[in-house]
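Notes for the one structure printed next.
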Amino acid sequence: PGVPLYHFLEQASAKHPSSLATIFMGNKLTFAQLKDKVDRFAAGLHSLGIKKGDRVAIMLPNCPQTIISYYAVIRLGAIAVMTNPLYMERELSHQLKDSGAETIIFLDALSAKVLNVLPQTPVKNMIVTGIQDFLPLPLNLLYPMKAKKQGMSLEVPQNQGIIKFKELLQKNAPFTQTVAINPATDLALLQYTGGTTGLSKGAMLTHENLVANVVQVRSWLPDCQEGGERIFGALPFFHVFGMTVIMNFAVLTCSTMILVPRFEIDTVLKQISKYKPTLFPGAPTMYVAVISHPDIKKYDISSIKACISGAAPLPVEVQDKFESLTGGKLVEGYGLTESSPVTHSNPIYGERVFGSIGQPLPNTNVKIMDLETGTTEVPLGEVGELCIQGPQVMKGYWNMPDETNQTLRNGWLFTGDMARMDEKGFTYIVDRKKDMVIAGGYNIYPREVEEVLYEHPKVKEAVVAGVPDPYRGETLKAYIVLKQDQQATEDELIQFCNKNLAKYKVPKKIEFRPELPKTMVGKILRRILVEEEKAKMS
Ligand code: ATP
């Protein structure tokens, strides 16, 4: 804390100028080259009139341009608004209007979508880049299925006043001016929440928030070798988890990022075998994809020594299998957009507790508060709402004073997650307050039921939700993806649950699906499944 985030890039380029910062599908940039591009791009943005406090939307998958854009924006004291490239027009328009971004940097394949929504937004500057600015790869290789469906086109429309990223980079000398940034109060990022439970809100994160969190995360890996680590960059940087634990972490520790623009399991495994990452932060669904790949034994994934999993619960089965395949450590952590995001983790070395999100990071205080009143702490070991205090906690939600007051109370962040804590500070997420199902008068935590289903040998993925039921009001339904070439019946899984769970927790319905709806970090979207069920009934 105490420095603007850009400081780490200056430091990396001064200390390790010729170490590799990025490897993107074989294309390489050193830290000196990365900093040079960031400074030139910052000058380009400055020439367009972008200044401190302006919001700049960045709508790109993981590629060098994302890192260049992000660091250039914060170098100017402007505020990055990371935008999911898979957003549909309605979501994109909401984010641009709400943030008031007057500039958007986007991937050429998204032109049609971006141009369609622009008239309803404050955007004046459009800066386009293509993956081919760095590498001549046809886009349909990167986005095979989505390209057509979402109106992607490889052509960037001419004469629309669109500025080319590459030109802005090439025609400007590096920016050298000093911009006065107060890390404690100036925003670096307006980060919209995942929208898993409803409307996506813009969390205001300062330089200090982001700097504090990446420094806290570093303490998790005590033997991290400055300049010696290679981090696999599969988590998207437009989500705060990937941004902190991969992008900012790599810049802080002068590590190499191996970037993939989307999580396609065969490409991922080939890149791991080839570039031998030491660290692979991810979300549970990514580790599930690795361990259940039919040819996993053919790939060399033994370089992986440490992984932090976040975003959703990590099933114990997945953790065990992944560790035995790699020989490395996979531990569960926890966080949320509002806290930059990491607040807890199990240690890589030392005592860890399966099924727990671990202990608070340094300088992070935790309280478990009464679920109803939110004003008193529950006795140790009992379930309440997880509350956090620390330098990584946001300043509030952008333009949402009521939501801010509900979430930040008396200096504490109320996470909306139900948890219990043991005497050593190990914390267990029971469920989200909003996901708790009340069926037949009982409180059911879907997560507990999912854990049981994951133990079934044929189950690859499981999600449990409370769906509307004409007789009971709400009933428990499980959605299952089976492992490759496996068959199972509804009855078989219900019997399995009967053996392992009290009767009221056993799902009444099971539906098998080839895949489940997920967010870009692989979080299963329970909300969509419930909405589908409601639509069927009406
Ligand atoms: P929204 O707040 O808009 O609904 P979101 O909650 O998906 O979106 P994020 O900030 O990406 O937005 O996710 C944070 C949430 O992810 C946490 O509040 C928690 O519910 C869940 N989460 C993160 N890590 C874990 C974990 N290890 N175990 C269980 N849940 C987790």
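Bear in mind that the values in this text are calculations on the coordinates, not laboratory data. Computed from a predicted model, the values in this text were never measured in an experiment. Please note: Cβ atoms are built from the backbone with ideal geometry, for glycine as well, and neighbour counts cover all protein chains shown.
Adding -39500 (n - 2.57) for every DSSP H run of four residues or longer, then dividing by how many residues the chain holds, sets the calculated 222 nm ellipticity at -8500 deg cm²/dmol. Since only LEU45, GLY328, MET421 are under comparison, the one whose Cα sits farthest along the positive direction of the charge dipole of the chain, derived from C-beta charges on Lys, Arg, Asp and Glu, is LEU45.
Couplings 3J(HN,Hα) for region 211-228, derived from phi with the Karplus relation 6.51 cos²θ - 1.76 cosθ + 1.60 (θ = phi - 60°), are 4, 4, 5, 5, 5, 4, 5, 4, 5, 5, 10, x, 9, 4, 9, 4, x, x Hz, where x marks Gly and Pro.
Quick check: convex hull of the Cα atoms in region 379-425, volume per residue, rounded to a whole Å³? List each step's numbers first, then the result.
Details: hull volume 4.0 nm³, N = 47.
In region 379-425, the Cα hull volume divided by residue count equals 84 Å³.
Annotation: amide H of SER255 within the under-5 Å range of GLY227, sequence separation 5 or more or interchain, hydrogens built in the peptide plane.
Between the helical axis of 490-500 and the longest alpha-carbon principal axis of the chain there is an angle of about 80 degrees. Ignoring aspartates and glutamates fewer than eight residues from LYS201 along the same chain, the ones with Cα atoms less than 16 angstrom from its Cα are GLU91, ASP98, GLU338, ASP402, GLU403.
I'm a student and want to see the number: the projected area of the Cα convex hull of region 386-494, averaged over all directions, in nm². Convex hull of Cα atoms, orientation-averaged projection: 11.1 nm².
The listed peptides 183-191, 378-386, ordered by packing as a protection proxy, come out as 183-191, 378-386 (highest mean of other Cβ atoms within 10 Å first). Could you tell me which of TYR454, SER99, PRO362 has its Cα farthest along the dipole of the chain towards the positive end, charges placed at Cβ (Lys, Arg +1; Asp, Glu -1), taken about the Cα centre? Selected residue: SER99. The protection proxy used here, the mean number of other Cβ atoms lying within 10 Å of each residue, ranks peptides 518-531, 77-90 as follows, highest first: 77-90, 518-531.
When DSSP beta bridges are limited to those with both residues in the chain, what percentage is antiparallel, rounded to the nearest 5?
Working: 48 of 83 bridges.
So the antiparallel bridges in the chain amount to around 60 percent.
Amide hydrogen proximity for ASP431: with H placed 1.01 Å from N in the peptide plane, the residues at 5 or more positions away or on another chain lying under 5 Å are MET418. According to the calculation over all Cα-Cα pairs in region 207-336, the P(r) per 10 Å bin from zero is 13, 48, 34, 5, 0 %.
Around GLY374, under 9 Å between beta carbons, what's the net of Lys plus Arg minus Asp minus Glu among the other residues?
Numbers: positive: ARG409; negative: ASP370, GLU372, GLU385.
In short, -2.
Using a cut-off of 20 Å between Cα atoms, the listed pairs LYS434/LYS503; LYS433/LYS483; LYS458/LYS503; LYS508/LYS534; LYS28/LYS166 include LYS434/LYS503; LYS433/LYS483; LYS458/LYS503 as exceeding that distance.
Pairwise Cα distances in region 303-362 exceed 15 Å in 47 percent of cases. Based on Cα contacts under 8 Å between residues 6+ apart, region 367-484 shows a relative contact order of 17 percent. Against the chain, whose longest principal axis comes from its Cα atoms, helix 316-326 is set at around 50 degrees. Shape class of region 1-45 from the Cα gyration tensor (axes a ≥ b ≥ c, square roots of the eigenvalues): oblate, since a/c reaches 1.5 or more and a/b does not exceed b/c.
Contact order, relative form, for the chain: 11 percent (alpha carbon pairs under 8 Å, 6 or more residues apart, mean separation divided by residue count). On the principal axes of its alpha carbon atoms, region 57-127 extends 29, 22, 17 Å, with the longest extent given first. Here the alpha carbons of region 254-413 define both size measures, Rg and Dmax, at 18.5, 55 Å. Using label points projected 7 Å from each Cα along Cα→Cβ, tell me how many nm separate GLU511 and THR176, to one decimal. With each label point 7 Å from Cα toward Cβ, the separation is 6.3 nm.
Which value, in debye to the nearest 20, gives the size of the charge dipole of the chain about its Cα centre, when Lys and Arg are +1 and Asp and Glu are -1 at the Cβ?
Values: 58 positive and 55 negative charges, 244 e Å.
So the dipole magnitude of the chain works out to roughly 1180 debye.
Along the charge dipole of the chain, Cβ charges K/R +1 and D/E -1, which of TRP412, HIS207, THR129 sits furthest on the positive end? In the chain, that residue is THR129.
Compactness of the chain is given as radius of gyration and Dmax, 22.9, 69 Å, from Cα positions. Between the Cα long axis of helix 265-275 and the first principal axis of the chain there is an angle of about 60°, rounded to the nearest 10.
With the highest mean first, a sort of the peptides 237-245, 37-45 on other beta-carbon atoms found within 10 angstrom per residue produces 237-245, 37-45.
Do you know the relative contact order of region 321-406, to the nearest whole percent, from alpha carbon pairs under 8 angstrom that are 6+ apart?
Details: 115 pairs, mean separation 18.2, N = 86.
For region 321-406, the relative contact order is 21 percent.
In order along region 357-365, phi translates into HN-Hα couplings of 7, x, 10, x, 5, x, 6, 10, 9 Hz, rounded to whole numbers, per the Karplus curve 6.51 cos²θ - 1.76 cosθ + 1.60 with θ = phi - 60° and x for Gly and Pro. Across region 458-471, computed HN-Hα scalar couplings (Karplus, 6.51 cos²θ - 1.76 cosθ + 1.60, θ = phi - 60°) run 8, 8, 8, 9, 9, 9, 10, 9, x, 10, x, 9, x, 9 Hz from first to last residue, x flagging Gly and Pro.
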